[in-house]
Amino acid sequence: AVETDITIEAKNLVHQSKDIKLIKIKEQDEAIYYLGTFALNNEENVNFSIEAKPTGSDTVFQVKFTREFFTD
């Protein structure tokens, strides 16, 4: 498992930013998870742009994707 510096930008389709609160969960040095929470509306599409730079590396990994969320 490797820790990372991670940044997440999330915006809905009208370019309103989502404030994502990240927490790191480390399981006995075997796994590291970064979990984020944010507010959203039913049937809202959110565009994510994520950058991660593992500790001790100069490489930055980038991922972009869109998801539609549904609430009860």
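A few points about this structure:
- Applied to segment 13-22, the Karplus parametrisation 6.51 cos²θ - 1.76 cosθ + 1.60 on θ = phi - 60° returns per-residue 3J(HN,Hα) values of 5, 9, 6, 7, 6, 9, 7, 9, 8, 9 Hz, with x for Gly and Pro.
- Accessible area per residue for the chain is 79 Å², calculated with a 1.4 Å probe on protein heavy atoms, without ligands, DNA or RNA.
- Normalised by the number of residues in segment 1-71, the mean separation of alpha-carbon contacts (under 8 Å, six or more apart) gives a relative contact order of 34 percent.
- Charge dipole of the chain about the Cα centre (unit charges at C-beta), most positive-ward option of 13, 69, 2: 13
- Which labelled figure in [x] 12.5; [y] 13.6; [z] 13.0 is Kirkwood radius over Cα pairs in Å, once derived from the coordinates: [y]
- Once the Cα-Cα distance is subtracted from the 0.36 nm per residue extended length, the residue 51 to residue 25 segment shows a gain of 7.5 nm.
- Rounded to the nearest 0.05, the FRET efficiency derived from the C-beta distance between residue 3 and residue 64 at R0 = 25 Å is 0.65.
- Dipole magnitude (debye, nearest 20) for the chain, charges at Cβ of Lys, Arg, Asp, Glu: 180 debye
- Taking GluC sites (Glu not before Pro) in DSSP loop states with no more than 12 other Cβ atoms inside 10 Å as exposed sites, the chain has its longest site-free stretch at 44-72.
The values are calculated or read from the model by the stated rules, or taken from the named source; none is laboratory data. Note that this is a predicted model, so its numbers are computed, not measured. Positions of Cβ are backbone-derived with ideal geometry, glycine not excepted, and every protein chain shown enters the neighbour counts. Keep in mind that these areas ignore ligands, DNA and RNA; they rest on the heavy atoms of the full protein, side chains included. Shrake-Rupley method; radii C 1.70, N 1.55, O 1.52, S 1.80 Å.
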